[in-house]
Amino acid sequence: MAGLIGMAVNRMPAAEVQVSADLVRRLLADQHPDLARLPVEFLANGWDNELYRVGDALVARLPRRALGAQIIKNEQRWLPGLAPRLPLPVPYPERTGVPGQGYPYWWSVVPYLPGVPAAQASSFDPAAAATAVGGFLGALHMPAPADAPANPFRGVPLADRDGTFAANLALLASQGGRGRVDQDTVLRMWAAALAAPGYDGPPVWLHGDLHPGNILVNDGQVSGVIDFGDITAGDPASDLSVAWMLLPPGCHDSFWSAYQAAGGRADDALRARARGWALNFAIVFLAHSEDNPVLREAGHRTLSIVLEDQGGPVG
């Protein structure tokens, strides 16, 4: 959830290398000279990468620290093969770059995808979003090869998050009125999610960090899915938690129908685990939302939807 956390708190790790529009121009001239005449302008930066518009249709994505450099390599290796089968645009690398001009990392040129993150959109059509995102995940969640990137935090058994869940809930309880939740209800729901049968299928491809900050909306419609830096394989439940983070309960049936129509396999156990992941993320958001209204709102909204979906109290 680094995207949501960083977006509001701005506690961004220091850059390990300096990136600039001039550096991007020099790298393009050296490695992709047919793009060298296009205008280059700073677009945005996150924890791991800086983004620069290259003309109207492209974005240069350059790691600003070593961790981002490994993420770029994962995207370069896997996204070009996955993108053609996905029903929503993704920023797959159209061009790749290598270290040069004093810059030490591999880098990418990806398509520019219009839109704003759903977390920041003033409004969007939730029914259409349910169909679009459910269908996207159904197409993505196909068996992955044995050498798919590993991720110790996503796609793993929900029980692996039990210790951090308890720690975050305790932190939330220590924060007084701002962090007040019905802990008895939350713990009962968490125990029910842990009791659900575990995943026994093949590891499937996962986005790894799918939340409303990584789903683009343009003119009220979902227009793309971004930030595949945590791409991995495993139990699809962690990705599917996005249903509770993005959609009202009345749209969940459409989400699951679209997921299955696109090839995803769903049952009651998967839904229970996915709901548990959503509960986990809600508590993460709330426990770490000091001076962070975006994160706090995401936590309250997700917890409210999880409780409503369970038939529990909403507040």
### Accessible surface of the chain, 1.4 Å probe, proportion on carbon and sulfur as whole %
52
### Task
Give the angle, between 0 and 90 degrees and rounded to the nearest 10, that separates the Cα long axis of helix 183-195 from the longest principal axis of the Cα atoms of the chain.
80
### Cβ-placed point charges (K, R +1; D, E -1), dipole of segment 1-149 about Cα centre in debye, nearest 20
140
### Task
Let me have the 222 nm mean residue ellipticity of the chain computed from DSSP H runs of 4+ only, each contributing -39500 (n - 2.57), with the sum over all residues rounded to the nearest 500.
-13000 deg cm²/dmol
### Task
Calculate, in nm to one decimal, what residue 164 and residue 146 gain on full extension: separation in residues at 0.36 nm each, minus their alpha carbon distance.
3.7 nm
### Query
Any idea of residue 297's accessible area? Nearest 10 Å², probe 1.4 Å.
100
### Query
With every protein chain present, what accessible area does residue 230 have (1.4 Å probe, heavy atoms only), rounded to the nearest 10 Å²?
60
### Task
Run through every distinct alpha carbon pair of the chain and return the Kirkwood hydrodynamic radius in angstroms, one decimal place.
20.3
### Message
Compute a Gaussian network model of the chain, connecting alpha carbons closer than 10 Å, and tell me which residue from 224, 198, 134 fluctuates the most.
### Response
198
### Whole-percent pair-distance distribution, where bins are 10 Å wide, for the alpha carbons of segment 158-275
11, 36, 36, 15, 1
#### Entry: Cα long-axis angle, helix 66-82 against the chain (0 to 90 degrees, to the nearest 10)
90
### Message
Which order do the peptides 238-244, 258-264 come out in when sorted by mean C-beta neighbours inside 10 angstrom, highest first?
### Response
238-244, 258-264
### Query
Which of 163, 92, 206 sits closest to the plus end of the dipole of the chain, meaning its Cα is farthest towards the positive end, when Lys and Arg get +1 and Asp and Glu get -1 on the C-beta?
92
### Query
Which net charge results when you count Lys and Arg as +1 and Asp and Glu as -1 among the other residues whose beta-carbon is under 15 Å from that of residue 117?
-3
### Summary
segment 108-225 accessible area per residue, 1.4 Å probe, protein heavy atoms, integer Å², reads 43
### Query
Between residue 185 and residue 300, what FRET efficiency comes out of the Förster formula 1/(1 + (r/R0)^6) with R0 = 22 Å and r the beta carbon distance, rounded to 0.05?
0.90
#### Entry: Cα long-axis angle, helix 268-287 against the chain (0 to 90 degrees, to the nearest 10)
70
### Message
Below 15 angstrom from the Cβ of residue 187, what's the summed charge of the other residues (Lys, Arg +1; Asp, Glu -1)?
### Response
+1
### Query
Each residue of segment 16-27 in turn: what ³J(HN,Hα) in whole Hz from Karplus with 6.51, -1.76, 1.60 and θ = phi - 60°, glycine and Pro shown as x?
8, 9, 8, 10, 8, 4, 5, 4, 4, 4, 5, 5
### Summary
In Å², rounded to a whole number, the accessible area per residue of segment 232-273 with probe 1.4 Å is 33
### Message
Give me the extension gain from residue 113 to residue 41: residue separation times 0.36 nm, minus the current Cα-Cα distance, reported in nm with one decimal.
### Response
24.4 nm
### Task
Keeping all protein chains in position, work out how much accessible area residue 51 exposes to a 1.4 Å probe, and write it in Å² to the nearest 10.
40
### Query
What does the charge add up to near residue 203, with Lys and Arg as +1, Asp and Glu as -1, over the other residues with Cβ less than 12 Å from its Cβ?
-2
### Message
Given a 10 angstrom Cα cut-off, can you work out which residue in 271, 161, 180 is the most mobile in a GNM of the chain?
### Response
180
### Query
Taking the highest mean first, how do the peptides 55-65, 120-130 order by number of other beta carbon atoms within 10 angstrom per residue?
55-65, 120-130
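The values are calculated or read from the model by the stated rules, or taken from the named source; none is laboratory data. Since this is a predicted model, take the numbers as computed values, not measurements. Ideal geometry is used to build each Cβ from the backbone, glycine not excepted, and the neighbour counts take in all protein chains shown. Accessible surface areas use protein heavy atoms only, side chains included; no ligands, DNA or RNA. Shrake-Rupley method; radii C 1.70, N 1.55, O 1.52, S 1.80 Å.
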